[in-house]
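Each remark here refers to the structure printed beneath this line.
The values are calculated or read from the model by the stated rules, or taken from the named source; none is laboratory data. This structure is a prediction, so every number in the text was calculated from the model and none was measured. Neighbour counts are summed over all protein chains in view; Cβ atoms, including those assigned to glycine, are modelled from backbone coordinates with ideal geometry.
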Amino acid sequence: MRDRSRERGSCGISTLARWSGLLSVALLVGACTVGPDYVKPSVEVPSSYKEVDGWKVAEPQDQSLRGDWWERFGDPRLSALEAEVDVSSQTVAAAEAQLRQARALVQAARSAYFPTISVGVGLTRARTSATLSDGGINAGRTATILQLPIDISWELDLWGRIRRSVESTRAGAAAGAADLEAARLSVRAELAQDYFLLQGAFLFIIIGILVANFIVDILYIVVDPRTRVGIRGE
């Protein structure tokens, strides 16, 4: 009876040790797992303000395309200049390069989901000395050794590290796309503004020339003919 009670006690202790070990492993896994997804905290915002009567709430849409908005002006020269922005603007070129880099980082982060296979090729050609060897059958023979090592590794995403890395790089790529569209809009808007300012300057110059000619004509009529030579040569 004592032996049976001892066996039952030892069995109970071993079962308890097993469950304790499993619980410890579960707690360890839970501690190493990446935290929950980010949730934007809720903030109590009033429905309206007394200072914004008649104003419209801004709705940023940097990720959406604006289209060829400059075509509304119906100016072929302006349209031709706007078409060269993507090629000539260094600001837009830099934003495009950053977007390509961000997309490449997304692909690099996603590649961690899959196994990595490394293959190397090695070729060795050696000849044994006929004078320094023991005179066996391999003396003075040439041997070729071909090596083809293959290394396979795969990191399972048990803790969510790869998934979080992919999410981070995707967010960076989305921000890069928004920055590119913002850069294009800024450069094209500045180009259109400078174009119309230059057109206005030309118009003022033409108006000034016409006014000057008009004043000269009036003086030619009013001033005594004997003094016309000093005003307008004939």
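A few points about this structure:
- Single residue of region 79-123 satisfying the filter (among the acidic types (Asp, Glu) and within 19 Å of Ala177 (Cα to Cα)) that is surrounded by the fewest Cβ atoms within 10 Å (Cβ to Cβ): Asp86
- Neighbours by Cβ (under 6 Å, 6+ apart or cross-chain): first from region 193-216, in contact (Cβ under 8 Å) with a residue 24 or more places away in the chain and under 17 Å from Pro76 (Cα atoms); second of a type in the set (Ser, Thr, Tyr) and in a helix (DSSP H, G or I): none
- Long-range neighbours under 6 Å by Cβ, at least six apart or interchain, first residue assigned to a loop (DSSP other than H, G, I, E, B) and charged (D, E, K, R) within region 121-142, second surrounded by 10 or more Cβ atoms within 10 Å (Cβ to Cβ) and modelled with pLDDT of 65 or more: Arg141/Thr128
- Of all residues making up region 46-59, the number that are at pLDDT below 75, over 32 Å from the mean Cα position of the chain (by Cα) and in a loop (DSSP other than H, G, I, E, B): 6
- Residue match in region 148-157 (condition: in a strand (DSSP E or B), within 39 Å of the chain's Cα centre (by Cα), hydroxyl-bearing (Ser, Thr, Tyr) and exposed (fewer than 12 other Cβ atoms within 10 Å of the Cβ)): yes
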